[in-house]
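**Student:** Take a look at the following structure, please.
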Ligand SMILES: [Zn+2]
């Protein structure tokens, strides 16, 4: 058994296991995927990720991460503007041309938006995948502290830390690459919020599953000056000075609460998967709203459960093509005046606030079918979003 990567404790409880998961375009059943909960510090981690088979699968899967290339650049949606405003609010170092490093910069949308607002800034992206439509200076590499001899005024790591097996050593490397007075911005999924809102549970490419408490434990060399849990979990942190007193967590981790959430999540997922497959097998239409990475994974899982793909369609506000690029699903408008009043629409986002915005858009547009929030709720005849 892998000891807890955060506190090295050996007392753990299994909270999830599955012998099949979807990575890239294939199902992989050669690995038993397992999540463990550390009974000492409350950290949840994928213990199956610490083996060579997993690492070779993941390097193949990451090579295919290109779904964003179908959307306009730069993406000015909340997923970039919310971090942008938080970084600008706290990341104002004394001089006029701050150096900014984003680790896992993807296409560079956020760096591009930062450069618009801080024209004197020196920006650099680090991105292991081989996107070729980049609009900001980017090095294709994984983050290693020894890649750089300099330090940065702002370091950004958005939806990256959860993919890494040894987050504590990453935090130490980040500490040494951050200028004194500089800020670190980290954003990860919030495990507790995701489970409570039925947004996501096990994701094969996520190794570390943080809560506010365990992320703070991981970053214990830093002083956290801002935390936001409104949809994902984000923190702004600076170097902790030796005079700073760190609050020591007094309460025991809520292990029962987390395991209960996993059990409830599984039950909801089964119930709602069955509802989708049954609706389609009965001749009803299923419209997947939002065709990013979350949709790809969800759709593959549902196909595996017998979903007839000829009853499936796509719709996306930002993608106007007639065929969705992953599976070739035809576009079908979900609005009532297009004659789709019996359709079931699946809100494909792992962000529950985005799910609500999508629902509001549909209802104001006159949608008359069944709305499905994976995996929390099915709203018959599109009532008000809950
Ligand atoms: Zn632990």
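The values are calculated or read from the model by the stated rules, or taken from the named source; none is laboratory data. Worth saying up front: this structure is predicted, and the values here are computed from it rather than measured. We place every Cβ from the backbone using ideal geometry, glycine too, and count neighbours over all the protein chains shown.
**Student:** Given the condition modelled with pLDDT under 80, under 18 Å from residue 161 (Cβ atoms) and more than 16 Å from the ligand (Cβ to nearest atom), answer yes or no: does some residue in region 16-31 qualify?
**Tutor:** Checked region 16-31: no residue is modelled with pLDDT under 80, under 18 Å from residue 161 (Cβ atoms) and more than 16 Å from the ligand (Cβ to nearest atom).
This table checks each residue for (1) at pLDDT below 85; (2) under 24 Å from residue 193 (Cβ atoms).
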residue: 43; (1), (2): no, yes
residue: 47; (1), (2): no, yes
residue: 54; (1), (2): no, no
residue: 66; (1), (2): yes, no
residue: 70; (1), (2): yes, no
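**Student:** Let me ask something else. Search region 6-15 for residues being touching a residue at least 60 places away in the same chain (Cβ under 8 Å) and within 8 Å of the ligand (Cβ to nearest atom), and hand back the single one that is farthest from the chain's Cα centre (by Cα).
**Tutor:** Only one residue fits best here, namely 7.
**Student:** I would also like to ask the following. Filter region 188-197 down to residues that are closer than 23 Å to residue 84 by Cα and outside any helix (DSSP H, G or I), then give me how many there are.
**Tutor:** Final tally of qualifying residues: 3.
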